[in-house]
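S.K.: Encoded as structure tokens, here's the structure I'll be asking about.
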Amino acid sequence: MMFDPALFLAFIAAATILTITPGVDTAMVLRSAATEGPRSALFAGIGISIGCLIWAGAVSLGLGALLQASERAYTILKWAGAAYLVWLGLKMLIKPRTAWADQDTAVAKGFAAMRAGFFTNITNPKVGVFYVTFLPQFIPHGANVALYSFFLALVHIALSVVWFAALTAATVPLGRALRRPNVIRTLDRITGGLFIAFGLRLAASRA
């Protein structure tokens with residue numbers, strides 16, 4: 001595999017900026033960490049990472065380019081993702097929680113967070129289009145496009161995992177304050193509003 005250190009460092013810098021830019025993934029992990037604890041945030045991050053990994057594989061196989069070219073496929077997936085985000089947001093707005101999950105339900109809550117993280121990512125066609133349009137700029141001349149694209153996508157996923165871990169760690173010192181019922185209720189409602197906004201923005205987006 002061809003490798004250009006300068007080009008790779010440029011990718012790291014650009015991908016880092018994009019990773020820490022607030023979005024639905026960051027909102028989901030931060031909300032899980034703040035209202036359900038580190039375990040739930042970890043599961044949410046795993047779900048998001050699995051979604052990114054599937055997108056990375058799809059892009060390396062050419063499915064990302066097909067999605068970009070097919071307006072119908074993009075629209076179907078876009079509306080599915082938007083509907084899912086709005087549904088999650090409405091649930092948080094209408095029925096916000098007032099307490100963290102107890103120890104008996106922590107694992108179940110963790111898997112629920114992983115499932116939510118996965119579906120918000122895998123039903124967002126902009127992830128696939130992002131990989132198709134962004135990664136080629138950092139592929140060295142003469143490199144295998146499919147393999148190097150997948151490699152760069154894996155690097156992006158690794159950066160995301162580090163970012164999710166940092167967000168989770170930042171909430172640990174605030175654990176006692178974040179356990180207050182009114183704080184949990186407020187965070188759920190704020191995140192619900194953000195998810196609805198992200199869903200509407202996704203619905204209005206174009207490939």
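S.K.: Could you list, in sequence order, all residues of segment 131-143 that are part of a loop (DSSP other than H, G, I, E, B) and either in contact with an Asp or Glu (Cβ under 9 Å, 6 or more places away or on another chain) or among the β-branched types (Val, Ile, Thr) (or both)?
M.R.: 139, 140, 141, 143
S.K.: Which residue is nearest to residue 158 (Cα to Cα), if the candidates are limited to segment 1-34 and must be in contact with a helix residue (DSSP H, G or I) (Cβ under 8 Å, 6 or more places away or on another chain), small (Gly, Ala, Ser) and assigned to a helix (DSSP H, G or I)?
M.R.: So the residue we want is 15.
S.K.: Restricting to segment 27-40, count the residues that are open to solvent by 20 Å² or more (accessible area, probe 1.4 Å) and within 21 Å of residue 123 (Cα to Cα).
M.R.: Residues meeting the conditions: 2.
S.K.: Please verify whether segment 41-54 includes one or more residues that are surrounded by fewer than 24 Cβ atoms within 10 Å (Cβ to Cβ) and over 16 Å from the mean Cα position of the chain (by Cα).
M.R.: no
S.K.: Hey, another quick one. Filtering segment 144-197 down to residues that are of a type in the set (D, E, K, R) and in a helix (DSSP H, G or I), which residue is surrounded by the fewest Cβ atoms within 10 Å (Cβ to Cβ)?
M.R.: My answer is 176.
The values are calculated or read from the model by the stated rules, or taken from the named source; none is laboratory data. Since this is a predicted model, take the numbers as computed values, not measurements. Virtual Cβ from ideal backbone geometry, glycine too; neighbours counted across all protein chains shown. Side chains included, ligands, DNA and RNA excluded: accessible areas come from the protein's heavy atoms. Shrake-Rupley method; radii C 1.70, N 1.55, O 1.52, S 1.80 Å.
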